[in-house]
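Have a look at the structure below, then the notes.
The values are calculated or read from the model by the stated rules, or taken from the named source; none is laboratory data. Small disclaimer: the values here were computed from a predicted structure and weren't measured. Because the Cβ atoms are built from the backbone with ideal geometry, glycine has one as well, and the counts that use them run over all protein chains shown. Calculation scope for accessible area: heavy atoms of the full protein, side chains included, ligands and nucleic acids excluded. Shrake-Rupley method; radii C 1.70, N 1.55, O 1.52, S 1.80 Å.
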Amino acid sequence: MYAQLVKSEGKKSAEEMSPEERAFQDRVDRGEKIEPKEWMPEGYRKTLIRQIGQHAHSEIVGQLPEGNWITRAPTLERKAILLAKVQDEAGHGLYLYCAAETLGISRDQLLDKLHDGSMKYSSIFNYPTLTWADIGAVGWLVDGAAIMNQVPLQKTSFGPYSRAMIRICKEESFHQRQGYDIMMKMAQGTPEQKAMAQDALNRFWSPALMMFGPSDKESVHSAQSMAWKIKIDTNDELRQKFVDQTVPQAEYLGLSIPDPNLKWNEEKKGYDFSEPDWTEFFEVIAGNGPCNRERLGARVKAWEDGAWFRDALVAHAEKDAARRAAARVAAE
Ligand code: FAQ
């Protein structure tokens, strides 16, 4: 089974719910925010830890494909912008780990689960960034897909997650614009640069569609997560919105979406498009994508290399606490 951490048992009917669960569901239905110390069903808590934790891991692992290009950015200005963007992703990871910690799990526990493979991060970061145009495609498509998913999450029912999303979305908009700006420069550049931009779009299009998760009929968590307003839209609804928003942007760039079945459908007022290769998606999330081992290896190494620093911080905090305690005793 590809979903491993929390088994969603399906949405309960009002009759199946306990009185506490019914009262909780009423609060969610009224649009009230749920705060960390308030009563919540265990499944709600676990689902949030799973989703927020995976989201945090995605931000942190997502620094790697872009970090790879900081030393090779074509100008000083591009380097400064990319550096700022990668730092923003670290910040997003930190807000999200803090939001997850309010649910009774520590950051160290979450990181252990990332490192031992029992928690996921977004499939998209298991693809390589081979050229500078890929950095444009990541900003345009990956941040574009991330915003499409995250704007509705500003209204999610859990207070700390919703508040983290408000700030994150502001920064993601800047990220998407910087990616599109790189694509614009490449698409309006020499024929070789335009070909690089097209090649980046060809490789990132389908993985970007996969970011929204499996099709609704395969999505095991959607029904319960939507009832609890942990998710606001279904995977397929968001994927459709993303395609409808992105196709005109590609046309403006003079690039073609690599999908022979892409066609405007007047009846649904949206594009018809090919499903991504779901076999590839399930392979990637099972750990067999092009860069899974490299990405996880880099995170584990960073964690192990940082052990001396974490130990030093703890030793300093303990010494400081002992000094303060001694000073208090001396003053009494
Ligand atoms: N990759 O039943 P569903 C970013 C898993 S942020 C890997 O549909 P759910 C910023 C899913 O976890 C990108 N695994 O699940 C940035 C579950 O497995 P589990 C991250 C995936 O949770 C930009 C199983 O499949 N954003 O990019 C994926 O209801 C540039 C069943 O699927 C978020 O995390 C996938 N694509 O819906 C950073 C947003 N899709 O956990 C740096 C918050 C599904 O049972 C550079 N998350 N799975 O083992 C969500 O909205 C949801 O969790 C979904 C999945 C929509 C991702």
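Considering segment 246-267, the residues that are open to solvent by less than 40 Å² (accessible area, probe 1.4 Å) and part of a helix (DSSP H, G or I) include one that is nearest to Met186 (Cα to Cα), namely Leu253.
Of the set (1) farther than 30 Å from Glu16 by Cα; (2) surrounded by fewer than 14 Cβ atoms within 10 Å (Cβ to Cβ), all apply to Met196 but (2).
Out of the residues in segment 274-289 that are in contact with a Leu (Cβ under 9 Å, 6 or more places away or on another chain), touching a residue at least 60 places away in the same chain (Cβ under 8 Å) and open to solvent by 20 Å² or more (accessible area, probe 1.4 Å), which is farthest from Met119 (Cα to Cα)? Top of the filtered list is Glu275.
Test Lys241 against the criterion of being surrounded by fewer than 16 Cβ atoms within 10 Å (Cβ to Cβ) and basic (Lys, Arg), and give yes or no. Give the derivation first.
Values: surrounded by fewer than 16 Cβ atoms within 10 Å (Cβ to Cβ): no; basic (Lys, Arg): yes.
When the stated conditions are applied, Lys241 does not pass them.
Checked against the criterion of being out of contact with any strand residue (DSSP E or B) (no Cβ under 9 Å at 6 or more places or on another chain) and modelled with pLDDT under 95, the candidates Lys170, Lys185 yield just one match: Lys170. Those residues that are closer than 26 Å to Ala145 by Cβ and either open to solvent by 10 Å² or more (accessible area, probe 1.4 Å) or near the ligand (Cβ under 9 Å from one of its atoms) (or both), I need them from segment 37-52; list them, please. Answer for segment 37-52, where residues must be closer than 26 Å to Ala145 by Cβ and either open to solvent by 10 Å² or more (accessible area, probe 1.4 Å) or near the ligand (Cβ under 9 Å from one of its atoms) (or both): Lys46, Thr47, Ile49, Arg50, Gln51, Ile52. Here Glu294 passes the criteria (1) open to solvent by 50 Å² or more (accessible area, probe 1.4 Å); (2) over 20 Å from the mean Cα position of the chain (by Cα) except the one numbered (2).
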